[in-house]
Amino acid sequence: MPYHEFECSTCIPERKKHAVTKGVGENLTSCLPLGYLKTIPGSMSERGCAYCGAKHVIGTPMKDVIHLSHGPVGCTYDTWQTKRYISDNNNLQIRYTFASDVKEKNIVFGAEKMLKQNIIEAFRAFPSMKRMTIYQTCATALIGDDIAAIAEEVMQEMPDVDIFVCNSPGFAGPSQSGGHHKINIAWMNQKVGTFEPKITSDYVINYVGEYNIQGDQEVMLDYFKRMGVQVLSTFTGNASYDDLRAMHRAHLNVLECARSAEYICNELRVKYGIPRLDIDGFGFEPLSASLRKVGLFFGIEERAQTIIEEETAKWRPQLDWYKERLKGKRVCLWPGGSKLWHWANVIQEEMGVKVVSLYTKFGHQGDMEKGIARCGEGALAIDDPNELEVLEAMKKLKPDVIFTGKRPGEVAKKIRVPYLNIHAYHNGPYKGFEGWVRLARDIYNAIYSPIHQLSGLDISKDEIPTDKGFVTRKMLSDANLGEDIVSSTHLQEYTGRYDCVSSLRGKTYPAFERKPIASAAE
Ligand code: SF4
């Protein structure tokens, strides 16, 4: 598997070992792109900083918390709102952001006094909020402000509040991944074991590495509840602060995004002996296998199987409608971290879409190894690409669509390649059986939308075609399909509602009988 050298990066020789092409006949990896290293000076990265990884990715999805950044307001603004991790308490955590807003004089004279005033002021402004997270930034770390001491002082003076301190300034790692690690360990050391939960089931899990992007967590919670499994906490989407303090009481850690949250699972295993089970909520087969694994662990496989059969019967014909129309389409799978291996194989298997390139902004070599092993021959794998490399790759590979975040997405739009935002989603959730159909629907619309075809026109001088009138689905996606597929009464386009999450809130579930021995032990 040879390294791939970008023409635009010949002036940055260090970049040579950051891209490889999967060789013919290779099933596994004989060499990997370098990964999780400091960004090379002169190569314009699209990474976030370690503070962003801690606060924006992991901390802020907690729903009943004042999230306060101790630093310049710019750090706070840059990590506000864009991720769409919704919650069932009216999205408080994405409606507000808090900052101590340090200025030059605070850098010279210190900002601890001001921070204390800010903390008290925030609690007074939101009297129903009794929990707070505080995030260190570069500026306040460099001047040595002792946030933990200030938080302790406030907790002494206000005994009904609880504060978590995350010391992960921007420079605490080569990318946001460094911040993921810092906040995992900080939460484990400061908060786990400080709250006792009410146990209501014989089967109790922490759902870890799940951030409720457009409702992913709520969809998965529905399956667990239908199985009679109590989800004690979710780390951290739609999560309550106090539930996360009680993580030590779970029987099993069910881990979704290993890249961002395996650290706390590993610590919980060492300190409390809680086993870790890695699952995958994306795709019919991976999700079915995941529910079966959780069922198998607790000896309730039949409950999982019932859900799998019900959901598959309902949604498979709709997934297959899109698969018939997406077969052979080419995608650059360019997410942040773990989706590059969660999706590499399954989108080809279940939607017919071929992965021609993988990249990761902050993934480690292990993520690349899994991603490359799961994609086909000839796929180009790139670590931490710069903007020019992204453009060169798209021009060479000619994908029909790219899956990425909004910064590279804007670059793709400039050369009229459709893109799907797979960090914050377009019309998610994408987890769950219905969610996977929603992703297929969004891919279909991205590829076939007439807007993209028209976007190549310069209306100030080009002729606008007037002979076609409305462009129909038959002309766009069905022209080369067989009559049996076009007229199939079995296959069906997506039938769900625009909002498929709200109806899950307040839903009631069957009460499963508890085991007598387990009940007595509690
Ligand atoms: S690198 Fe430092 S200054 Fe920049 S956003 Fe991150 S914490 Fe703020």
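Think of it as helices only: each DSSP H run of n ≥ 4 in the chain is worth -39500 (n - 2.57), and spread over all residues that comes to -11500 deg cm²/dmol at 222 nm. One Cα centroid belongs to the range 33-73, the other to the range 97-123; the line between them spans 21 Å.
In µm²/s, what is D for the range 193-293 at 37 °C and 0.692 mPa s, where D = kT/(6 pi eta Rh) by Stokes-Einstein and Rh is the Kirkwood radius from Cα pairs? Translational D for this selection: 244 µm²/s. Across the range 369-489, the convex hull enclosing all Cα atoms gives 180 Å³ per residue. Apolar share of the accessible surface for the range 434-511: 54 percent from carbon plus sulfur atoms, 1.4 Å probe.
On the accessible surface of the range 24-97, probed at 1.4 Å, how many percent belong to carbon and sulfur atoms?
That share works out to 59 percent.
Mean separation of Cα pairs under 8 Å and 6 or more residues apart, divided by the residue count, gives the range 177-272 a relative contact order of 39 percent.
Each Cα pair under 8 Å and six or more residues apart adds its separation to the average, and for the range 9-153 the resulting relative contact order is 25 percent. Take the Cα pairs of the range 242-359, get the Kirkwood Rh, then feed it into Stokes-Einstein at 37 °C and 0.692 mPa s and tell me D in µm²/s. The estimated diffusion coefficient comes to 202 µm²/s.
Of the trypsin sites (Lys or Arg not before Pro) in the range 226-327, which ones lie in a loop per DSSP and count no more than 14 other C-beta atoms within 10 Å?
Values: sites: ARG226, ARG245, ARG249, ARG259, ARG269, LYS271, ARG276, ARG292, LYS293, ARG303, LYS314, LYS323, ARG325, LYS327; in loops: LYS327.
When the trypsin sites (Lys or Arg not before Pro) of the range 226-327 are filtered for loop state and at most 14 Cβ neighbours within 10 Å, LYS327 remain.
Dividing the convex hull volume of the alpha-carbon atoms in the range 227-285 by its residue count gives 103 Å³ per residue.
Among the GluC sites (Glu not before Pro) in the range 452-505, those located in a DSSP loop and surrounded by at most 13 other Cβ atoms within 10 Å of their own Cβ are GLU463. The separation of the range 134-190 from the range 416-477, counted between C-alpha centres, amounts to 43 Å.
Computed about the Cα centre, the dipole magnitude for the chain is approximately 300 debye when only Lys and Arg (+1) and Asp and Glu (-1) carry charge, each at its Cβ.
By the equivalent-ellipsoid construction on the alpha carbon gyration tensor, the chain comes out with semi-axes of 38, 31, 22 Å, ordered largest to smallest.
Pairs LYS406/LYS461; LYS63/LYS515; LYS198/LYS271; LYS323/LYS474: which exceed 25 Å Cα-Cα? The answer is LYS406/LYS461; LYS63/LYS515.
Taking the solvent-accessible surface of protein heavy atoms with a 1.4 Å probe, what is the per residue accessible area of the chain in Å²?
Accessible surface, normalised per residue, equals 43 Å².
Summarised in one figure, the compactness ratio Rg/Rh of the range 66-133, Cα atoms and Kirkwood Rh, is 1.01. When you filter the GluC sites (Glu not before Pro) in the range 359-415 for DSSP loop state and at most 12 other Cβ atoms inside 10 Å of their Cβ, you are left with GLU377.
Distances between placed amide hydrogens fall under 5 Å for ALA99 paired with SER69, all partners being 5 or more residues away or on another chain.
The values are calculated or read from the model by the stated rules, or taken from the named source; none is laboratory data. This structure is a prediction, so every number in the text was calculated from the model and none was measured. Because the Cβ atoms are built from the backbone with ideal geometry, glycine has one as well, and the counts that use them run over all protein chains shown. To get the accessible areas, we keep the full protein, side chains included, count just its heavy atoms, and leave off ligands, DNA and RNA. Shrake-Rupley method; radii C 1.70, N 1.55, O 1.52, S 1.80 Å.
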